[in-house]
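Q: Here it is, the structure in full.
The values are calculated or read from the model by the stated rules, or taken from the named source; none is laboratory data. The structure displayed is predicted, hence computed values, not measured ones. Don't worry about glycine lacking a Cβ; one is built from the backbone with ideal geometry, like all the others, and counts go over all protein chains shown. Surface areas here come from the heavy atoms of the whole protein model, side chains and all, with no ligands, DNA or RNA. Shrake-Rupley method; radii C 1.70, N 1.55, O 1.52, S 1.80 Å.
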Amino acid sequence: HMVLKQTGKELAGTAGPDTERQWQIVKGKIDGAKITFEVLADGPVISFELTLVDGHLKGTARAEMDGRSMSAVVDVQRKMN
C-alpha cells in the first residue's frame, strides 16, 4: 500500500505492507516515467525503482539486512475511492 504525493519532480508520502503499517518515503524523485525513492522501514532501508506503465507503477524494491540482499517485484495500481 502506498500513499504518494507529487510536487514537481519530488515525491513524498508513505509505503508499507498495508494501510496500518506505513513508513515515510525519503529521497523521492520523478524523472519522466521513472520514479525512485527509499522507505525507512523498521529494519532495512528499502530502495524502489519504478516506471509508470499502462497506469501501473512497475519495477523492483531492494534491501539489504544482516549481509543478505532481498528484492521484490512491484506492481502498484491506483485505487479509486
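Conditions (1) at pLDDT below 95; (2) of a type in the set (S, T, N, Q); (3) under 10 Å from the mean Cα position of the chain (by Cα), marked per residue:
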site	(1), (2), (3)
P17	yes, no, no
I25	no, no, yes
G28	no, no, yes
D31	no, no, no
E38	no, no, yes
A41	yes, no, no
P44	yes, no, no
E49	no, no, yes
L52	yes, no, no
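Q: Would you point out which residue out of D66, D42, D54, D31 is touching a Phe, Trp or Tyr at 6+ places or on another chain (Cβ under 9 Å) and open to solvent by 60 Å² or more (accessible area, probe 1.4 Å)?
A: Numbers: D66 fails: touching a Phe, Trp or Tyr at 6+ places or on another chain (Cβ under 9 Å); D54 fails: touching a Phe, Trp or Tyr at 6+ places or on another chain (Cβ under 9 Å); D31 fails: touching a Phe, Trp or Tyr at 6+ places or on another chain (Cβ under 9 Å).
Selected residue: D42, the only one of D66, D42, D54, D31 that is touching a Phe, Trp or Tyr at 6+ places or on another chain (Cβ under 9 Å) and open to solvent by 60 Å² or more (accessible area, probe 1.4 Å).
Q: Going through the stretch 2-21 one residue at a time, which ones are open to solvent by 40 Å² or more (accessible area, probe 1.4 Å) and either over 15 Å from V76 (Cα atoms) or of a type in the set (F, W, Y) (or both)?
A: Result: Q6, T7, G8, K9, E10, A12, E20, R21.
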